[in-house]
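Remarks on the structure that follows.
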Amino acid sequence: RMGRLGHRLGYGVYAVGGFVRDILLRRPNLDIDIVVEGDGIVFARAFAQEEGIRVRTHKKFNTAVLIFPDGMKIDVATARLEYYRYPAALPVVEFGSLKMDLYRRDFTINTLAVDLRPERFGRLIDFFGGQKDLKEKTIRVLHSLSFVEDPTRILRAIRFEQRFGFQIGRQTERLMQNAVKIGLIEKIGGHRLFHELQLILMENDPVPALRRMDEFQLLGVLDPLLKWTEKKEKLFRSLKDVLSWYELSFLDEPVEKWWIYFCALLDGLNASQLEGVCKKLDLPEGHKTRLFGALRNIYRAARELEAKESPPPSIAYRILNGLSTEELLLLMAKTEIPEVRKSVNFYLTRYRYVSPEIKGRDLKEAGVPPGPIYRKILDELLYAKLDGLVYTKQDEWEYLK
Ligand code: CTP
């Protein structure tokens with residue numbers, strides 16, 4: 001239907017980028033990107049009206065987002081022809097051709113397009129050898145200034161390479177090394193750098209990409225002493241086991257895996273190094289507080305649990321109670337002491353679900369004057385229950401006497 005509308009408006013309409021790449025790789029991808037040779041906003045508005053769906057437009061970029069009732073979104077862009085009227089002027093954006101639009105992209109595998117116009121529907125358009133590179137499993141830039149134009153592509157190359165099990169091409173690899181050497185990574189704003197790192201940590205298995213980042217000396221960008229050591233390798237291996245265990249046991253309680261990986265990556269840095277990393281990444285205040293808090297919680301809990309041999313459940317509970325699930329999982333992966341791992345395991349699978357039979361209203365009915373004492377009594381009952389000193393409500397009343 002998009003193609004037919006394009007035909008009526010006299011526009012070329014194409015599906016492009018990751019969506020086409022993933023069709024050829026037979027990988028699921030629900031993000032559809034459309035490029036229009038013509039006015040993308042006029043096209044998107046007309047399409048939204050015909051289909052009775054919502055549209056959001058961004059005049060400045062000549063782009064629009066089509067929003068379907070089920071929440072699916074399609075991005076519509078105008079094929080751009082950016083040029084500079086004179087040196088150092090802002091780019092003038094005009095309607096351009098698909099080929100020009102694709103030429104501005106990062107890697108050949110992301111430059112494939114499918115024609116959606118009725119007379120040519122489904123025809124694959126491959127200006128820059130994207131199909132060949134998909135077959136050869138190679139990540140290749142389109143031209144030698146690609147990383148200079150946009151240094152975030154250095155991290156994107158690594159992410160795509162590892163996600164698809166591809167190889168960065170020889171020349172592309174040289175350009176990347178050179179870009180790193182001349183400090184282009186430092187030119188990426190903290191916010192974007194953090195976003196790219198986050199995307200890497202959100203991959204199914206971020207470990208190969210982190211290893212590769214280290215090979216390109218990119219971890220050192222965060223902190224000169226940050227390296228992919230044998231110790232990190234071990235921590236991440238153990239984290240993988242812990243996370244598979246957790247995901248199988250708690251299907252309905254998803255955790256923020258990228259966050260756990262982020263903390264694990266920075267684990268071992270001291271406070272001033274962490275400050276430095278936060279600054280490099282222009283980390284939002286909320287994330288920063290959470291990061292310092294998480295590492296502090298984990299170190300404290302590990303120290304306290306390790307100091308006690310097989311602590312009773314009520315003690316383990318008190319030590320672990322303030323930690324988020326993400327922090328608990330990292331602690332579990334980090335500790336080398338089986339007893340500590342067991343305490344965290346029991347906390348996650350049992351202790352945290354325990355509560356006394358007696359509730360606040362029972363205390364009220366029994367004539368206990370309301371106040372902070374309630375919390376104290378209920379906590380004492382909880383600890384007694386955790387340690388197996390009481391089982392029934394009757395036991396609890398007895399215990400209180
Ligand atoms: N792109 C680019 N340079 C960047 C970021 C994006 O050239 N620094 C181009 C890529 O060609 C990409 C398109 O913009 O195909 C859309 O970007 P994005 O949604 O990040 O890419 P996907 O390939 O869809 O990535 P993912 O599969 O991770 O969603």
Being among the polar types (S, T, N, Q), more than 30 Å from G189 (Cα to Cα) and touching a helix residue (DSSP H, G or I) at 6+ places or on another chain (Cβ under 8 Å) is the requirement here; does T392 meet it? no
Filter pass, E326 being of a type in the set (D, E, K, R), surrounded by 18 or more Cβ atoms within 10 Å (Cβ to Cβ) and under 19 Å from the mean Cα position of the chain (by Cα): yes
Among the residues of the stretch 53-66, how many are crowded, with 17+ Cβ neighbours inside 10 Å and not in a strand (DSSP E or B)? 1
Can you find even one residue in the stretch 100-111 that is part of a helix (DSSP H, G or I), within 23 Å of K280 (Cβ to Cβ) and either within 16 Å of the ligand (Cβ to nearest atom) or free of Cβ contacts under 8 Å to residues at least 60 places away in the same chain (or both)? no
What pairs come up if the first residue lies in the stretch 213-227 and is under 16 Å from L281 (Cα atoms), the second is of a type in the set (F, W, Y) and in a loop (DSSP other than H, G, I, E, B), and their beta carbons are under 7 Å apart, counting only those six or more places apart or on different chains? L219/W228
Residue among K364, K342 that is within 30 Å of K232 (Cβ to Cβ), assigned to a helix (DSSP H, G or I) and at pLDDT 90 or above: K342
Taking the stretch 17-53 as the region of interest, how many residues are free of Cβ contacts under 8 Å to residues at least 60 places away in the same chain, of a type in the set (D, E, K, R) and more than 10 Å from the ligand (Cβ to nearest atom)? 5
Could you list, ordered by first residue, the pairs with Cβ atoms under 8 Å in which the first is in the stretch 118-137 and more than 17 Å from I34 (Cα to Cα) and at pLDDT 95 or above and the second is surrounded by fewer than 13 Cβ atoms within 10 Å (Cβ to Cβ) and small (G, A, S), at least 6 apart or interchain? K137/G165
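The values are calculated or read from the model by the stated rules, or taken from the named source; none is laboratory data. Note that the structure is a prediction, hence the values are computed from the model and not measured. Every residue, glycine among them, receives a Cβ derived from its backbone with ideal geometry; neighbour counts consider all protein chains shown.
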